[in-house]
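Here, each number is a calculation from the coordinates, and none is a lab measurement. Just so it is clear, the model here is predicted, and its values are computed rather than measured. No Cβ is skipped: glycine too gets one built from the backbone with ideal geometry, and neighbour counts run over all protein chains shown.
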Amino acid sequence: MSALPPKADMCGATRDVRYGPIADIPRFTRSARRRAAGGEKVCRFRPKADMHSNVQVFFNGPAYLETRRQMTISKSPLSTQVFVLRCLGWISVATIAMLSLVPGSARPHVLATGQLEHFVAYAGTAALLAAGYTGNRQLIGISVLLPIYAACLETLQIFVPGRNAQLIDAAGGTIGSWMGIVLVLSVHYWCRKRKVAADQSAADQT
């Protein structure tokens with residue numbers, strides 16, 4: 001790949017002009033361009049119409065490349081593990097709806113009481129969703145929407161033959177969903193703490 005020597009633009013920032021696809025020209029915000037330049041002001045280089053159509057601009061060499069790499073990592077596709085956890089979580093949500101709205105004679109009973117079944121079902125569903133959606137807003141949404149979902153299903157049971165709506169069942173689902181989220185957060189915290197301790201011990205040995 002042929003390259004031209006670095007040149008200084010109007011703002012004093014060096015740039016390395018190389019030939020590549022025009023679609024790869026980065027479009028940074030002003031703050032990102034300043035971070036790429038190490039805090040210095042950077043002019044955004046716009047190729048002129050009469051220049052070569054395949055021009056790719058790199059600001060300040062390694063700093064720009066590192067920023068570009070971080071942006072690429074943040075936009076990477078979902079891993080298989082996260083995708084499977086999200087699918088299992090939504091399958092659990094649909095299963096809860098199906099078992100909650102079937103007639104009483106067709107509903108299977110697995111545990112001793114209905115409240116315990118609600119607790120376990122919502123705890124498992126919340127744990128799967130919390131493991132698949134790890135953002136703070138997503139976790140808050142799960143902790144709010146799952147109890148509302150449980151209350152709505154209990155209300156709909158009024159119209160199902162052989163079923164009756166009970167507030168204690170909705171409370172069991174609410175507590176179970178919160179406990180599932182707390183369990184996942186505890187596991188994440190424990191794994192992170194263990195990794196930090198392992199890295200610290202490895203650094204001490206070296």
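Ordering 194-202, 121-129, 98-106 by mean Cβ neighbour count within 10 Å, with the highest value first, yields 121-129, 98-106, 194-202.
Between Ala198 and Arg137, the FRET efficiency estimated from the beta carbon spacing at R0 = 22 angstrom works out to 0.15. According to the Cα-based calculation, Rg over Rh for segment 80-205 is 1.12, with Rh computed by the Kirkwood formula.
Quick check: net charge around Gln157, other residues with Cβ under 11 Å of its Cβ, Lys/Arg +1 and Asp/Glu -1?
On the way: positive: Arg107, Arg163; negative: Glu154, Asp169.
Taking every other residue near Gln157 into account, the sum is 0.
Count Lys and Arg as plus one, Asp and Glu as minus one, and take only other residues whose Cβ is under 11 Å from that of Glu117; the net charge is then 0. Based on Cα contacts under 8 Å between residues 6+ apart, segment 80-205 shows a relative contact order of 32 percent.
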